[in-house]
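See structure below.
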């Protein structure tokens, strides 16, 4: 009975919606409903396959820049970024071997070194400087008192392309004026006329490596490579008798051939002396968790000294994870080791002030210690060379030195530590966007921010510094991509 009533009511509702004037009365008698003729089934349209946009895949070659690739294919940078779902910061992370989708292209083309045009497009945020023979980006940064990182960012250069720059390349120097460029060019011509350029020719001795030269003269391996047009194979195969140009160095009053401090660095060192920073004793105090309030204030630069930076960036832009926090015998390794390719830059994980830059702490080789707002301290150890001095204020991502294997180390990497309130803390959950591996993929981490010093997130573990059970001393650099890690 209930089924019949339901069918009758449904029929009434059908008539009501069709606008019929006469409607059948409701009845509990059986109502026969004629079966409608089945409509022919429509063929389902095939779903579109989701795939890459029309175009070709281009594998980035050694030293190729996005700018050169776009010119070769006749497409815009924005088109390539959109087709590859890239953000602006991803441009600087491109490296040889990666694949880019080139939208609209019909065939892969050869990307040649883009010749610099004689007439350059006007710029409003700086002025152009053309590299001279033997001149490197490091020289240019020092001449104009502009950070290396600022020049790299303005010219979309990554760590690999910097050392592949050649004479004649025009670079935009942020903040520079045409008058400054003319003055620099005039001074350079005068120095050449007097046969007194900054740098000298060095003949490689038997058994001498590129890292020996880097340590002896305080010049990065990447800079020596750039000045001499060397690639990684050339560095590994360096032979006795090879003549190399060592750029940017001069003989000091003591007869040592070293790189002199710039005026900006001299001001930073004076500030460090005022703050009591820069000594081995300061480094030892920081490793014991002793951070003075005035150091935190200097790191804050007018900001909130009681607020931590919140998160950390990767200390090597394209580096890969090789060893984690709490590894090793008894979990003594309260740090993260990040490996990278020869000549890559070591970068600040968060903004801060350089509290120490040197090689006086046993086992760590060339090491930089930063004090951050809120009281964090970060360490970057085993560098081939440090490029900062105590007292310098460093932004997040600022260049601190060059990846190396000095001290107790088994391969080129950064030994990175995060310290707070006298303890070493696991930095993994704070890394943005996550942990990068050798094959390039990222392991996303739960998003954690630590902004209040007294409110440490539960995901972050901290322990007192532990003694190293045993060690292996490496007095000379080696380069083996499968050898990494350290005993600190």
Note to self: If a residue must be surrounded by fewer than 18 Cβ atoms within 10 Å (Cβ to Cβ) and either at pLDDT 85 or above or on the phi > 0 side of the Ramachandran plot (or both), how many such residues does the stretch 219-233 contain?
What the structure shows: 1
Margin query: Restricting to the stretch 428-449, name every residue that is surrounded by fewer than 23 Cβ atoms within 10 Å (Cβ to Cβ) and at pLDDT 85 or above.
Written below: 428, 429, 448, 449
Margin query: Restricting to the stretch 154-168, count the residues that are modelled with pLDDT under 90, out of contact with any helix residue (DSSP H, G or I) (no Cβ under 8 Å at 6 or more places or on another chain) and surrounded by fewer than 19 Cβ atoms within 10 Å (Cβ to Cβ).
Written below: 3
Margin query: Take the conditions touching a strand residue (DSSP E or B) at 6+ places or on another chain (Cβ under 9 Å) and either surrounded by fewer than 24 Cβ atoms within 10 Å (Cβ to Cβ) or in a loop (DSSP other than H, G, I, E, B) (or both) and apply them to residue 369. Does it pass?
Written below: no
Checklist line | The listed residue being modelled with pLDDT under 95, under 30 Å from residue 159 (Cα atoms) and part of a strand (DSSP E or B), out of 353, 338 | finding: 338
Next item on the list: Could you tell me which numbered condition residue 102 fails, if it satisfies all but one of (1) buried (at least 17 other Cβ atoms within 10 Å of the Cβ); (2) within 28 Å of residue 223 (Cβ to Cβ); (3) modelled with pLDDT of 80 or more?
Entry: (2)
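The values are calculated or read from the model by the stated rules, or taken from the named source; none is laboratory data. This is a predicted model, so every value here is computed, not measured. Reconstructed Cβ throughout: ideal geometry from the backbone, glycine too, with neighbour counts over all protein chains shown.
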